[in-house]
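This report concerns only the one structure given below.
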Amino acid sequence: MAAVISAGDTAAVTACLEHASSAEAIDARFDCGSVKGITLLGFACLPLTSSSVDIVDLLLAAKANVDARNAGFGTALMHAAIHNQSAIVQRLL
């Protein structure tokens with residue numbers, strides 16, 4: 001899932017979410033390079049592609065937990081704020 005998020009492929013993200021087994025799968029933490037223990041929503045809040053806002057919307061529609069904490073950092077909102085993703089910050093509030 002991280003690969004399709006980082007590619008900005010909203011159709012692939014939608015397909016993956018349709019096959020996600022549970023909310024726990026959507027909120028699971030994973031390691032991506034130097035970023036350890038991040039949730040999919042937190043990862044989508046990083047400035048990866050121009051479709052990051054659309055991907056965040058898809059994850060929120062799939063009931064991603066906005067309050068889920070990433071290992072050792074904080075929430076998706078903190079990622080969005082630190083990376084100046086103002087449109088995403090508005091969606092997460």
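Computed quantities for the displayed model
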{"item": "For the chain, radius of gyration divided by Kirkwood radius, i.e. Rg to Rh on alpha-carbons", "result": "0.91"}
{"item": "Extension gain, ALA2 back to ASP67 (0.36 nm per residue minus Cα-Cα distance, nm)", "result": "21.5 nm"}
{"item": "Full-extension gain in nm, CYS32 to LEU48, via 0.36 nm per residue minus C-alpha separation", "result": "4.5 nm"}
{"item": "Protein accessible area in the chain, 1.4 Å probe - carbon and sulfur %", "result": "55"}
{"item": "Theoretical FRET efficiency, 1/(1+(r/R0)^6), r = Cβ-Cβ of GLU18 and GLN90, R0 35 Å, to 0.05", "result": "0.85"}
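The values are calculated or read from the model by the stated rules, or taken from the named source; none is laboratory data. Note that the coordinates shown come from a computational prediction; the quantities given were computed from them, not determined experimentally. Virtual Cβ from ideal backbone geometry, glycine too; neighbours counted across all protein chains shown. For the accessible areas, the whole protein counts, side chains as well, though only heavy atoms, and no ligand, DNA or RNA atoms are used. Shrake-Rupley method; radii C 1.70, N 1.55, O 1.52, S 1.80 Å.
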